[in-house]
Amino acid sequence: MISLKPLPTNLNSSFFRSLTPFKLFTPKTQTLKSSKSHSHSAIKSVLQWNRKPELAGETPRVVVITSGKGGVGKTTTTANVGLSLARLGFSVVAIDADVGLRNLDLLLGLENRVNYTLVEVMNGDCRLDQALVRDKRWSNFELLCISKPRSKLPLGFGGKALVWLVEALKTRPEGCPDFIIIDCPAGIDAGFITAITPANEAVLVSTPDITSLRDADRVTGLLECDGIRDIKMVVNRVRTDMIKGEDMMSVLDVQEMLGLALLGVIPEDSEVIRSTNRGYPLVLNKPPTLAGLAFEQAAWRLVEQDTMKAVMVEEEPKKRGFFSLFGG
Ligand code: ADP
Ligand code: MG
């Protein structure tokens with residue numbers, strides 16, 4: 001049984017208010033027009049959080065979290081979206097496919113429990129269930145690392161190993177997981193190809209800066225060449241103050257440049273760094289934080305194969321001066 005507490009209305013509304021420079025809405029959640037509809041939408045979104053999302057598509061949904069550029073938030077997204085899915089009651093296997101530089105285990109606080117990896121499973125040194133690390137907080141969340149830190153993959157290890165893994169997870173006695181989420185390494189070399197091979201959908205993480213966008217665009221092309229048509233994007237580290245000051249691209253600009261469906265918009269939040277260092281994923285924080293809520297909403301949309309829209313900022317109403325009272 002899952003029990004999701006309703007979000008505090010004030011926090012929820014301030015979260016959405018903080019996103020107004022790229023005013024967001026989804027048909028199923030909220031549209032911000034006036035303060036009246038604002039409070040109404042807050043209530044609607046609180047109501048939404050008391051139902052379980054309906055899982056769309058066939059299971060297991062194999063989703064690769066990728067970006068091209070490093071340091072944009074792939075691992076953060078994998079950890080937080082993965083745990084949100086588990087909290088929503090779905091069974092999740094998160095795979096850290098970042099070979100030499102794995103850190104998903106650190107973000108999840110599971111680093112001391114990783115004894116075996118996929119390489120040992122493939123070598124016949126252990127069983128698959130021994131390499132899967134079950135989270136003690138959410139038992140329907142499991143982590144699997146591909147290899148030990150700083151180790152090299154054996155010759156011949158590639159996409160086929162992950163395809164075998166997905167097949168093995170499908171037929172395991174505990175049952176097929178609802179989601180298999182793959183944390184992809186940066187770059188577009190062999191590690192990237194290995195990570196995307198078994199996936200049938202992708203989440204492209206990008207920050208609103210030109211270098212990240214160029215890499216994301218290149219990766220989109222490669223994913224499409226590989227036959228992955230369901231690509232959604234998460235725009236991470238968004239700063240509304242910088243967008244207002246025209247120092248940062250708006251989410252609408254990013255969406256127009258990449259032409260992808262929008263899964264979520266994550267604000268820049270110092271809590272992300274704090275939770276990374278504590279090995280305690282943001283979405284488990286109490287009280288919830290802005291970025292944590294945004295990740296939860298992205299997970300919700302992923303389940304329902306829903307998207308959101310970024311639209312132009314409505315100009316703030318001009319302040320009426322003293323003389324305007326006299327028709328001035
Ligand atoms: P990647 O896996 O793409 O290399 P990470 O998920 O490891 O990127 O994130 C890189 C760094 O950025 C981490 O230190 C993380 O804490 C930080 N970070 C990610 N998202 C945010 C955010 N929304 N706000 C603040 N810091 C963030
Ligand atoms: Mg990473």
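Numbers below:
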{"read-out": "Net charge contributed by nearby residues that have their C-beta within less than 10 Å of GLY279 (K/R +1, D/E -1)", "value": "-1"}
{"read-out": "Derived scalar couplings ³J(HN,Hα) [segment 208-218; Karplus, 6.51 cos²θ - 1.76 cosθ + 1.60; whole Hz; x for Gly, Pro]", "value": "x, 10, 5, 5, 5, 5, 4, 5, 5, 5, 5"}
{"read-out": "Between segment 265-312 and segment 126-190, the Cα center-to-center distance that results, in Å", "value": "24"}
{"read-out": "Charge sum, other residues only, whose C-beta stays under 15 Å from TYR116's C-beta, Lys/Arg counted +1 and Asp/Glu -1", "value": "-2"}
{"read-out": "Calculated from backbone phi, Karplus (6.51, -1.76, 1.60) coupling profile of segment 186-198 in Hz, x at Gly/Pro", "value": "6, x, 10, 9, 4, x, 5, 4, 4, 5, 8, 3, x"}
{"read-out": "Estimated vicinal HN-Hα couplings, Hz - segment 167-175 in sequence order (Karplus 6.51, -1.76, 1.60; Gly, Pro = x)", "value": "4, 5, 5, 5, 9, 6, x, 5, x"}
{"read-out": "Linear extension gain, GLU174 paired with GLU58, 0.36 nm per residue minus alpha-carbon span", "value": "40.0 nm"}
{"read-out": "Nonlocal amide H pairs with LYS69, under 5 Å, H built at 1.01 Å", "value": "GLY187, ALA216"}
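A short reminder: the numbers here are calculations on the coordinates, not readings from a lab. Owing to the predicted nature of the structure, the values given are computational and were not obtained by experimental measurement. Don't worry about glycine lacking a Cβ; one is built from the backbone with ideal geometry, like all the others, and counts go over all protein chains shown.
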